[in-house]
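Colleague: The structure under discussion is supplied below as structure tokens; questions concerning it will follow.
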Amino acid sequence: MAEIVTLSGEVQRTWMFLENLFIHSEEVKKELPKESEKFIGIDKEVKRILDDAVKKELALDYCDQEWVLPALEQVERDLRVCEKALNDFMESKRAAFPRFHFVSPADLLDILSNGNAPAKIMVHMPKIF
């Protein structure tokens, strides 16, 4: 039970972070189309797993199902693939514009995701220059 609860928390944190990028960011969709398509499947699977968890009234009933742990482990592996692709994408942007090394990964993603909205990225300019 502890393993499932821990893994579930890790999956949810990673999924929530990546969901905003792979589902809502046009830049990421354009630059990483294969991973964005893969993430759509991951998104559906995570929601299916979480829906089942909500339907169960007791955590023990949820954790006692044989399919839950393997499903969470598979989702975690798939999320790592998407996360690695995203990190490679950010490194390619840093290689193209070395000043991006001065901003955190979260800030860089915000800059790249809002590239068509200069007002949104102006808050990051002092970090870059």
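Colleague: Could you list all residues from segment 37-62 that are within 21 Å of the chain's Cα centre (by Cα) and aromatic (Phe, Trp, Tyr)?
Modeller: Phe39
Colleague: With respect to the numbered conditions (1) surrounded by 11 or more Cβ atoms within 10 Å (Cβ to Cβ); (2) part of a helix (DSSP H, G or I), which one is the sole condition not fulfilled by Gln65?
Modeller: It fails just one condition, (2).
Colleague: Pairs under 9 Å by beta carbon, first residue without any contact (Cβ under 8 Å) to a residue 24 or more places away in the chain and outside any helix (DSSP H, G or I) in segment 38-60, partner among the aromatic types (Phe, Trp, Tyr) and surrounded by 13 or more Cβ atoms within 10 Å (Cβ to Cβ), six or more apart or different chains?
Modeller: Sorted first by the residue in segment 38-60, then by its partner, the pairs are Lys56/Tyr62.
Colleague: Inside segment 82-109, can you point out the residues that are without any contact (Cβ under 8 Å) to a residue 24 or more places away in the chain and of a type in the set (A, V, I, L, M, F, W, C)?
Modeller: Of segment 82-109, the ones without any contact (Cβ under 8 Å) to a residue 24 or more places away in the chain are 84, 87-88, 90-98, 101, 104-108.
Correct list: Met90, Ala95, Ala96, Phe97, Ala106, Leu108.
Colleague: Name the residue, out of Leu69, Leu32, Leu18, that is in contact with a Cys (Cβ under 7 Å, 6 or more places away or on another chain) and either under 26 Å from Val123 (Cα atoms) or of a type in the set (A, V, I, L, M) (or both).
Modeller: Leu18
Colleague: Output the number of the condition that Ile40 fails; it satisfies all remaining conditions of (1) surrounded by 17 or more Cβ atoms within 10 Å (Cβ to Cβ); (2) within 20 Å of Asp88 (Cα to Cα); (3) aliphatic (A, V, I, L, M).
Modeller: Unmet for Ile40, out of (1) surrounded by 17 or more Cβ atoms within 10 Å (Cβ to Cβ); (2) within 20 Å of Asp88 (Cα to Cα); (3) aliphatic (A, V, I, L, M): (1).
Colleague: Next question, about the same structure. As an exercise: evaluate Leu72 against (1) crowded, with 17+ Cβ neighbours inside 10 Å; (2) farther than 23 Å from Thr14 by Cβ; (3) touching a residue at least 40 places away in the same chain (Cβ under 8 Å) and give the number of the one condition it does not meet.
Modeller: (2)
Colleague: Restricting the search to segment 112-129, which residues are among the aliphatic types (A, V, I, L, M) and at pLDDT below 85?
Modeller: Listed by number, the residues that qualify are Leu112, Ala117.
The values are calculated or read from the model by the stated rules, or taken from the named source; none is laboratory data. In this text, all values refer to a predicted model and were calculated from it rather than measured experimentally. Using ideal geometry, Cβ is built from the backbone for each residue, glycine included, and neighbour counts are taken over all protein chains shown.
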